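One structure below.
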Amino acid sequence: MTAQVYPTDYRLLLQDGIARRQADVLDALSRRLPDGFRVYHGLHWSRLEHGLTVTGQLQFLVLAPHGLVILMSMKTGLIRQDASGLSKSQGSHTVHVFTELCEQRDLLTAKFHRQHHLDLPVEFCFYCPDHLLKSELGLAGLEDRVVDATARDDLPEFLVSLAQLHAHNTHAVDVEQVHRFLTNALNLVPEVGAWSATSEEYVTRLSQGLEQWVARLQFEPFRLRVKGTAGSGKSQLALRELQKASQQKLRSLYVCYNRPLASHVARQMRIDQGLGVSVFNFHALCDRVLKDAGIQVDYKQPGAFDRLVEETLAQPESKRWMFDVIVVDEGQDFDEGWLRVLQGMSHARTRWVWLEDFAQNLYAKPQVQLQGWVDLTLNVNYRNPLRIVKALDDFRALFALANKADYDVDAACPLEGLPVECFAYDDESSLLTQTAKAVTQCLKQGFAREQVVVLSLRGFEKSSVLHQTEIGPHSLSHFTGQYDAQGNQTFTKGSVLAESVYRFKGQSAQAVVVCELDFEEWSEKEYRKLFVAMTRAKLYLILVCKHGTAIKLAGASNLALHDA
C-alpha cells in the first residue's frame, strides 16, 4: 500500500509548465510515503477564508496516520536568502517563505478550533529543489524545516521523520475528523461527472466558485435559484448541500430530470454514507409516492407519465415525504406542475436550491416561475479546458441563435487542454469506423477505456452507435432500453460507455467522443445539444461528423480534420 493523494486525478490536472514538477512530487510522495499517509494538493486555490488571500501560495498538505498535519510549500527556480530570511519574487511582489507558512498554519488551526473546539497539530516545511542553502543566514533556527537541492530526493523520508518527531503532540486527534476538515478547507469535493472505476475522485475548485458564494448567502426563507452554465459547479453544490444536511441530521431530497444522473448521485451518497438523503429523478419520485399510497402505475397505458403529476398531487400530505432541504437539479427540464408536487413536500423553513442552465434546455420547456426567489447567475466554467470553450464560442456563428449572448461562457479552467479534433464520415458504415478510430485515438493519448465516453447527438431510438455492442475493437456498454425485475436499467457488457447526450447531462468524463453530428438545420436546438455534448469533456474532445458538418465545424475553429 502507498499514500493516498487527493485529488486522485492530479496527473490529468497538472499538465502544463511548472505544474508538471508538482505532479512529479506527488508521484514520489504517493509511492514512497508509508501506508496511512494522505497528501492533499490544491492547484486552484484562491483563499481559505474570505478576506485572507492565499492565491497560489501553498501546494501541499500531508496528514500523518496519527493526525499531524504538515504544511509544505514548494518553490522552484531562484530563491533569495538574506538576513530577512528566504523569499521569492512572484510578479510584482515578494513572498517571504516562513511568514507565508506561519500565516497558513494560523489560518488552519484557527478554523479547526472554531469548528471543533480542539487544537489541530500542525508543522511546516519548505521544499526548494533548485536552491542550495548557503548558510543559516536568516533562517532563525528553522533550517531543519528546509529541504534544499542537496536533499531533494529524500523529501518523503524527511516528512516521515518530521511526523515521527512530533507524534507526541497528536494523542487526542481524530484522524478521520481531520481528513474531513481538510477536504472541506481545501475545497475538495466529489466530481459527480467523472465516470470511472474510482468513485472517490476529487477535483480542486476555486474558492470563489458557486459553492462558496452560496455558503455566504443568508436570507429567510432560503429559496435560491442558480442559473449556472455547464461546468460552473452546480452538481458539486448539490452534493455539498446534501452532505451538509446529512451532517446536521436534516431530511433532504435531491430530484432531477435524468435517471442516470439520479443513479450517479445516489451512488455518491452511499459512498459518503449520507443519512436522511433521498435521491430520485422526478418521475421515479412520483412513482414511489404513489406506491406508498398503494397505487400501482400502469406505464403501458397512454399518457401514464402525464397523469403522474395529477395523481401525486391528489395524495394527502405525509411526514414520510416532508423534507428540510430540497435540491432541484436540471431545473430547466421541469414543468410548472412539477414544482407544485415538490412544494407539497416542503414546510415553511425548508431550504430550497434550484439549479438550471438555459443552454442545456434540450426540450425547449418554458422557464418555471419561482416568485419571490433569489436568483444567482454564474457564467464561469471551471470544468472545460480553454480549447473546448473556444471551439464552442467559434461555433456560435454557424447557428441561428436568437441571442448569442445567452451562451456566453467565461473560461476559468487553467488548462489549455488537448486540441479538439474532427473525424468525418460519409455513411452509416464509415460512421462506425470513424467513431472506433476516435476511441482508439483517445487510448493513444493515454486515457484508459473507463475514462472515455462515446456520446451520440441522437436519442437512443434513432442512434446507430447506441445499438452496437462493439465498434471496431472496442466493446460498448450502453442502455438496452430494457429494465430488470427491480426496475433497474440494464446495460450491455462493454469496456467503453456509450450514451445519448440526453441521458448524459450532468455528468462528464476525461475524454469524450461526440458522434452522429449531422446538422441539416443549424438551429438553436441543435446548438444546445452540441453545447451539452462538448461541455461533458474534462480534457479531450473528438467530434465525429457527417462530412458537410465536419467541414463547417473544422473551418469555424481551425480543427484538425480526419477524413474517412
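The values are calculated or read from the model by the stated rules, or taken from the named source; none is laboratory data. This structure is a prediction, so every number in the text was calculated from the model and none was measured. Backbone-built Cβ (ideal geometry, glycine too); neighbour counts: all protein chains shown. Accessible surface is based on the protein model in full, side chains and every heavy atom, while ligands, DNA and RNA are left aside. Shrake-Rupley method; radii C 1.70, N 1.55, O 1.52, S 1.80 Å.
Only one of LEU118, LEU159 is hydrophobic (A, V, I, L, M, F, W, C) and touching a Leu at 6+ places or on another chain (Cβ under 8 Å); which?
Details: LEU118 fails: touching a Leu at 6+ places or on another chain (Cβ under 8 Å).
Every option except LEU159 fails the conditions.
Going by what's in this entry, would VAL454 be described as in contact with a helix residue (DSSP H, G or I) (Cβ under 7 Å, 6 or more places away or on another chain), modelled with pLDDT of 90 or more and part of a strand (DSSP E or B)?
Judged against the criteria, VAL454 is a match.
Can you pull out the residues in region 116-140 that are open to solvent by 50 Å² or more (accessible area, probe 1.4 Å) and farther than 30 Å from ASP174 by Cα?
Across region 116-140, the qualifying residues are ASP130, LEU132, LYS134, SER135, GLU136, LEU137, ALA140.
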Being under 13 Å from ALA537 (Cα atoms), of a type outside the set (A, V, I, L, M) and modelled with pLDDT under 90 is the filter here; which residues of region 376-415 pass it? ASN381, TYR382, ARG383, ASN384, PRO385, CYS413
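May I ask you to list the residues in region 290-343 that are of a type in the set (Phe, Trp, Tyr) and at pLDDT 95 or above?
TRP321, PHE323, PHE334, TRP338
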Restricting region 215-257 to residues that are among the hydrophobic types (A, V, I, L, M, F, W, C) and free of Cβ contacts under 8 Å to residues at least 60 places away in the same chain, the residue that is surrounded by the most Cβ atoms within 10 Å (Cβ to Cβ): LEU239
From the list TRP354, TRP338, pick out the single residue that is within 23 Å of GLY233 (Cα to Cα) and either part of a helix (DSSP H, G or I) or not β-branched (Val, Ile, Thr) (or both). TRP354
For region 515-545, how many residues meet the condition of being open to solvent by 10 Å² or more (accessible area, probe 1.4 Å), charged (D, E, K, R) and touching a helix residue (DSSP H, G or I) at 6+ places or on another chain (Cβ under 8 Å)? 3
Within region 461-478, work out how many residues are within 14 Å of VAL514 (Cα to Cα) and either open to solvent by 50 Å² or more (accessible area, probe 1.4 Å) or part of a loop (DSSP other than H, G, I, E, B) (or both). 2
Please go through (1) closer than 24 Å to THR480 by Cα; (2) loosely packed, with under 14 Cβ neighbours inside 10 Å; (3) free of Cβ contacts under 8 Å to residues at least 60 places away in the same chain for ASP292 and return the number of the only condition it doesn't satisfy. (1)
Would you pick out the residues in region 401-426 that are assigned to a helix (DSSP H, G or I) and open to solvent by less than 20 Å² (accessible area, probe 1.4 Å)? TYR407
So ALA110, is it open to solvent by 70 Å² or more (accessible area, probe 1.4 Å) and at pLDDT below 85: no
Could you list all residues from region 244-303 that are within 18 Å of the chain's Cα centre (by Cα) and in a loop (DSSP other than H, G, I, E, B)? ASN258, ASP272
Restricting attention to region 38-88, which residues are within 21 Å of the chain's Cα centre (by Cα), modelled with pLDDT of 90 or more and open to solvent by 10 Å² or more (accessible area, probe 1.4 Å)? ARG38
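Here are some residues: THR435, THR440. Which one is modelled with pLDDT of 95 or more and surrounded by fewer than 20 Cβ atoms within 10 Å (Cβ to Cβ)?
Answer to the check: THR440.
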